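Before any comments, here is the structure.
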Amino acid sequence: MRALVLVEPGQIELQQRPDPQPGPGEVLLKVEATTLCGTDLRIISGAKTAGVRPGVIMGHEIAGRIAAVGDGVSGYHVGQQATPSIVLSCNHCRVCLLGLEHLCENLRLFGYELDGGLADYCLIPARAVAQGNLVTTRVEVPPTHLALAEPLSCCINALNQYRVHPGDVVAILGAGPIGLLHLQLAQASGASQVIVSNRSVARREPASALGALAVGPDEVKQAVADATGGLGADVVVVCIGDPALASVALDLARPGGRVSYFAGFPKGSTAEVDVNLLHYKELEVTGGSNARRRDVQAAVRLLESGAVNAAAIVTHTFALDDAGAAYDAVRDRLGVKIAVTP
């Protein structure tokens, strides 16, 4: 099979690998689509090395169809459409026992250490199958849309922390794929107004088409004030890894509001914030990293229902043979979200 391999930081290569065969307890997926993520660029460049294995097959936003099952596998059959929950947790460390399996002290991730989806096939290890990491669909979903289950599940994990109530005004800083997912989750939760801020006019257009008030960074404070009578946003979600936005988000939130630092920030980065904003406004600040298996299940159900407009997010598709060009498109911010289909 073909496989896009991280040879070493700074070098990826489309290689020929032996077709994997499922052993006892394993499931083999025939990959139908893998969407690309900005984190992939950090892995390729070497900016992200934690938990990354040189020689790994890239790609962690995976949609496929079961091609074969190993001995002893039950509950799965050939032909089912499926997507993996990419966090393989140990289920016994102190963090897992706190109910935070996605922050497991011993976690292993598809596309980081475990071979991912930028290949013709993806082998799901027996432990992942036994733990329920492989989530099947109940109705057919376009593969390029099902691949969004991974980033959508991460957004759902964050949503469960920052919470959107009916009638809330939500401000989202960033109009990339993640910002558009948070936008739609806020709308589905009953937000009365979602304000999306981004420097790029081209990036603001899809947010506007989805029903948000899309503005530039210099306009977002006034937009929030106008929408709330000067009170501030009930929820602010940071979807751009710019440390300067940490303070902006606190300033935009109303007293008692919720702020989510969802974006991954550069390693070692720090931000200077006015801590009195936290103190006097009694703000609730949360993060968002990875997702539980239950979040992936919820994401798949949302995609099945059509409650998330995936077509507005996946805008360009490349063949696996052109995966290098696909990553260039991510780097150049072509469209919104890039998919690779073997």
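For the reader, a short list of remarks on this structure follows.
- Surrounding net charge for GLY230, when Lys and Arg each add one and Asp and Glu each subtract one, Cβ distance under 15 Å: 0
- Taking only alpha carbon atoms, segment 87-146 gives an Rg to Rh ratio of 1.03, where Rh is the Kirkwood radius.
- GNM flexibility winner over the chain from GLY229, GLY116, GLY268 (Cα, springs under 10 Å): GLY268
- Net charge dipole size for segment 126-270 [Lys, Arg +1 and Asp, Glu -1 on Cβ; Debye, nearest 20]: 340
- Loop-exposed GluC sites (Glu not before Pro) per DSSP, neighbour cap 11 Cβ within 10 angstrom, longest uninterrupted part of the chain: 1-139
- Put the Cα centre of segment 286-337 next to the Cα centre of segment 95-140 and the gap is 17 Å.
- Residue of GLY132, GLY324, GLY72 that the Gaussian network model of the chain assigns the largest fluctuation, springs spanning Cα pairs under 10 Å: GLY72
- Charge tally in the Cβ shell below 10 Å around LEU152, where Lys, Arg are +1 and Asp, Glu are -1, LEU152 excluded: -3
- Over the chain: helical MRE at 222 nm, DSSP H runs n ≥ 4 each giving -39500 (n - 2.57), nearest 500: -8000 deg cm²/dmol
- Given charges at Cβ of Lys, Arg, Asp, Glu: segment 279-342 dipole, positive-most of ALA326, GLY306, VAL336: GLY306
- Whole-angstrom gap from segment 158-216 to segment 39-93, using each part's C-alpha centre: 29
- The charge dipole of the chain, taken about its Cα centre with unit charges on the Cβ of Lys, Arg, Asp and Glu (plus for the first two, minus for the last two), comes to roughly 400 debye.
- The stretch between SER247 and THR49 holds 68.5 nm of extra length on full extension. This uses 0.36 nm per residue minus the Cα-Cα distance.
- Cα Rg, Dmax, segment 1-74, angstrom units: 14.1, 41
- Gain upon complete extension [LEU100, SER305; 0.36 nm per residue less C-alpha separation]: 71.1 nm
- Using a simple spin-label model with pseudo-atoms 7 Å out from Cα toward Cβ, GLU282 and ASP71 lie 6.3 nm apart.
- Highest mobility in the GNM of the chain, judged by mean-square fluctuation with C-alpha springs under 10 Å and restricted to ARG258, ARG138, ARG53, is found for ARG138.
- Convex hull (Cα only) mean projected area of segment 40-149, reported in nm² to one decimal: 7.8
- Hydrodynamic estimate: the Kirkwood radius of segment 105-204 over Cα pairs, inserted into Stokes-Einstein at 37 °C and 0.692 mPa s, corresponds to D of 204 µm²/s.
- For GLY268, the shell of other residues with beta-carbons less than 14 Å away shows a net charge of +3, using +1 for Lys and Arg and -1 for Asp and Glu.
- Rounded if a/c under 1.5, otherwise prolate or oblate - segment 216-273, Cα gyration tensor axes: prolate
- Descending principal axes extents, segment 167-279, alpha-carbon based, whole Å: 35, 30, 25
- FRET efficiency for the pair ARG17 and SER208, taken as 1/(1 + (r/R0)^6) with r the Cβ-Cβ distance and R0 = 41 Å, rounds to 0.40.
- Once the gyration tensor of the Cα atoms in the chain is diagonalised, the equivalent ellipsoid follows with semi-axes of 35, 21, 19 Å, ordered largest first.
- Rounded, prolate or oblate (a/c below 1.5 giving rounded, otherwise prolate when a/b exceeds b/c) for segment 286-342 by Cα gyration tensor: prolate
- Between GLN161 and HIS92, the modelled label-to-label distance comes to 2.7 nm, taking each label 7 Å out from Cα in the direction of the beta carbon.
Values quoted throughout were computed directly from the atomic coordinates according to the rules given, and no laboratory measurement underlies them. No experiment lies behind these values; they were computed from the predicted model shown. Every residue, glycine among them, receives a Cβ derived from its backbone with ideal geometry; neighbour counts consider all protein chains shown.
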